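Shown next, in structure tokens, is the structure this report addresses.
Any read-out appearing in this document is the output of simple, stated calculations on the displayed coordinates, not a laboratory observation. These figures come from a predicted structure and were not determined experimentally. With ideal geometry, Cβ positions are generated from the backbone for all residues, glycine too; neighbour counts draw on all protein chains shown.
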Amino acid sequence: MFRRKCYEKLLEWKASSKGRTALLIEGARRVGKTTLAESFADAEYDAHLVIDFSRASREVKNAFDEHSNDINTLLRMLQLYYGVELPRRQSVIIFDEVQHLPKARETVKHLVADGRFDYIETGSLISIKKNVSDIVIPSEEDRVYLRPMDFEEYLWAVKREALADEIRSCRERMAPLPNPIHKLANRMLDEYLVVGGMPQAVTAFVEDGTFVQCERTKRRILSLYREDIQKFGGEDARRALAVFDEIPGQLSAASKKFKFGSLGKGSRREHYEGALSWLEDSHIVNICRRCNDPNVGYRLSVDETAMKLYLGDTGLFVSHAFSDGEESLEVQKALQFGRVSVNKGMIVENYVSQQLKAAGRNLFYYTWEEPPKDKNAHKLRPREIDFLITKGYSNAAGKLRICPIEAKSTRSYSTVSLDDFGKRWAKRVGEEVVVHPKQLKSEGHRVYLPLYMAFCV
């Protein structure tokens, strides 16, 4: 198993819950939920039992239907069927792919009350209406989200732990990496932009040493996502597929705001609300919403008519965007050798969104029109901040402040939007962040971070 940050959250749950709640590990398909749960069970418990509801026999499923009100019988039957003896309070039962048997998830309430064992559930599409419409969701259920590997986890996976530690240390000390190490980190980042953070794709790359098997693995995952949309999307399936296929083209445009009108004549955002909810609940897509009043508590001023859409994993995004056979391999070469013949801006922005989501951040952006400097001019100047997060600000005794983030893919760029934003909202703004391909530096309360430091913004 690859080292995952989410493992620490499982340890915290086990220590604090002490059997009073079950833990649901939610995430997209093929993100590593089952591997994480089983590795945790192996290391932290004396014994465990795994029930994979995507493959479970009819006898096992019937046991939940017939004995959910008789926990003694249910637990005895499960241990007999799987040939496992579970010591009390030293064992965990894993309900894998629990979305395939919603009744089992509902039974968690009674199993937790019984108190004999701990319970971990894993699932994809877990919040889809179809999977929760006929059950009472247990309140005795804590939840964590497992997302594709961020860049730090990727470095751990490819045996670059020392580099990951040095990047984080330099961010904390605000000290740039030595130039040779800086170049190495940039090269590893370019590699990550192609491979991405899906564990199967990373495994294929590590084992093969080329992008060929990795690319095939990513394409299989993308095909699986398309099949899921068609199979589980219901009446929203056609629209969800249209949105999914349109994401690369929309991000490559100058304005990355998703334009629903491009999906067909008369198409409007409200027609796609169900499709958007499906894609977000499945964790295939990350939605970045526009806020109209940048202040602590961005959700209070969310504008639901405007949004940017990113894929949950940047490696999948590259394969999705450049899906014309051999062309995708040329894109991989271009990224690896620093050629910018491809639109690297959309890839970098998707990458930054992924790092923020992996850190537990919700995604928001802000746009406005700046008045012209010349009083005789009439044309307003459009401005946009790529991402907004909230952070404690050291110059304000640690109080929460807006932290605007600009993502830059080239070495030559303008910060005019960030400059104007800082003037407009000076009293609300704390640290300003530019993530770019160059070295770390700071100017007042603005920091310029190398792109490889995005995981520790």
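Among residues of the range 21-49 that are free of Cβ contacts under 8 Å to residues at least 40 places away in the same chain and over 19 Å from Glu140 (Cβ atoms), those with a Cβ under 7 angstrom from a residue that is outside any helix (DSSP H, G or I) and of a type outside the set (D, E, K, R), sequence gap 6+ or separate chain, pair up as Ser39/Met1. Checked against the criterion of being at negative phi, over 23 Å from the mean Cα position of the chain (by Cα) and in contact (Cβ under 8 Å) with a residue 60 or more places away in the chain, the candidates Asn286, Asn295 yield just one match: Asn295.
With the structure loaded, tell me whether Ala275 is touching a Lys or Arg at 6+ places or on another chain (Cβ under 8 Å), more than 24 Å from Glu384 (Cα to Cα) and crowded, with 20+ Cβ neighbours inside 10 Å or whether it fails that test. Yes.
From the set of residues in the range 380-392 that are farther than 30 Å from Leu335 by Cα and touching a residue at least 40 places away in the same chain (Cβ under 8 Å), which is surrounded by the most Cβ atoms within 10 Å (Cβ to Cβ)? Ranking the candidates gives Thr390 first. Filter the range 393-448 down to residues that are part of a strand (DSSP E or B) and aromatic (Phe, Trp, Tyr) and give me whichever is surrounded by the fewest Cβ atoms within 10 Å (Cβ to Cβ). Taking the candidates together, the pick is Tyr393.
Yes/no matrix, rows are residues, columns are (1) more than 27 Å from the chain's Cα centre (by Cα); (2) of a type in the set (Asp, Glu); (3) closer than 24 Å to Arg173 by Cα:
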{"site": "Gly345", "(1), (2), (3)": "no, no, no"}
{"site": "Val348", "(1), (2), (3)": "no, no, no"}
{"site": "Arg361", "(1), (2), (3)": "no, no, yes"}
{"site": "Asp386", "(1), (2), (3)": "no, yes, no"}
{"site": "Tyr393", "(1), (2), (3)": "no, no, yes"}
{"site": "Val416", "(1), (2), (3)": "yes, no, no"}
{"site": "His436", "(1), (2), (3)": "no, no, yes"}
{"site": "Ala454", "(1), (2), (3)": "no, no, yes"}
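Does at least one position in the range 72-94 carry a residue that is surrounded by 13 or more Cβ atoms within 10 Å (Cβ to Cβ) and acidic (Asp, Glu)? No; the residues of the range 72-94 include none that is surrounded by 13 or more Cβ atoms within 10 Å (Cβ to Cβ) and acidic (Asp, Glu).
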